[in-house]
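See structure below.
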Amino acid sequence: MTGEGSVLYDVYVLGQTVNELLADGLADAPLTPSEYAVYSAIAERGTSTPSELSHALGMPAQTMSDWLVLLRDRRHAESRRNPRDGRSQLVSLTSAGRRAHRSTNRLFEVVYRRFLDELSLPEEDARRLLGEVVNAARVALGERGRDASRANRAQGALSTASRVASTPPK
């Protein structure tokens, strides 16, 4: 099977098309589409840990950390110690961050309504289907990660066994 004609190919094309739709619709907004997604994840939760945000957005922890540095530098986000786990932080938007998010949201809602008007199935059905696609990708990624981890452990065991076998007895 070639890439074209697969669900993954279709999801890639969907991502590119949605990026273009949002870039066009949010061209005059204070936030880019990517920034809006990050701000939205924080705004919807009120306060959240960076790991919860990275999972919600489907991005690596280091990428989320980079985003949070940018938001803090803009004074659009603040962090405080997590009272349940002193090793982690709770992140929230500042009033300036909430203003930028609200301003961008007004333009996002126009684009979203236009998009929903063209959708040929109910929004809930589309979200359920996309949730299944995201879940399948996460599970497949997790399995690959586990398989790679198993392979690395097996390779490590073989290397150790090889070293032990080649070590002369004392």
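The values are calculated or read from the model by the stated rules, or taken from the named source; none is laboratory data. All figures in this text were calculated on a predicted structure; none of them were measured in a lab. Cβ sites come from the backbone with ideal geometry, for glycine too, and all protein chains shown count toward neighbours.
If you check 35, 78 for being among the acidic types (Asp, Glu) and either in a helix (DSSP H, G or I) or surrounded by 18 or more Cβ atoms within 10 Å (Cβ to Cβ) (or both), only one passes: 35. For the range 1-32, filtering for residues that are in a loop (DSSP other than H, G, I, E, B), under 24 Å from residue 74 (Cα atoms) and of a type outside the set (A, V, I, L, M, F, W, C) leaves 3.
Starting from the range 117-130, keep only residues that are within 14 Å of residue 14 (Cβ to Cβ), then list their pairs with residues that are outside any helix (DSSP H, G or I) whose Cβ atoms are within a distance under 9 Å, requiring at least 6 positions of separation or different chains. Listed by first residue and then by second, the contacts come to 126/119; 129/121.
Here is the figure for the range 38-64: residues that are surrounded by 15 or more Cβ atoms within 10 Å (Cβ to Cβ) and either not in a helix (DSSP H, G or I) or not basic (Lys, Arg) (or both) total 18. The single residue among 81, 138 that is more than 22 Å from residue 25 (Cβ to Cβ), under 22 Å from the mean Cα position of the chain (by Cα), modelled with pLDDT under 95 and among the basic types (Lys, Arg) turns out to be 138. Every condition in (1) more than 21 Å from residue 134 (Cα to Cα); (2) of a type outside the set (A, V, I, L, M); (3) free of Cβ contacts under 8 Å to residues at least 24 places away in the same chain is met by residue 101 except one, and the failing one is (3). Of everything in the range 81-109 that is among the hydroxyl-bearing types (Ser, Thr, Tyr) and surrounded by fewer than 20 Cβ atoms within 10 Å (Cβ to Cβ), the residue that is farthest from residue 50 (Cα to Cα) is 103. Scanning for something under 12 Å from the mean Cα position of the chain (by Cα) and within 18 Å of residue 134 (Cβ to Cβ), does the range 65-78 turn up at least one residue? For the range 65-78, residues under 12 Å from the mean Cα position of the chain (by Cα) and within 18 Å of residue 134 (Cβ to Cβ): absent.
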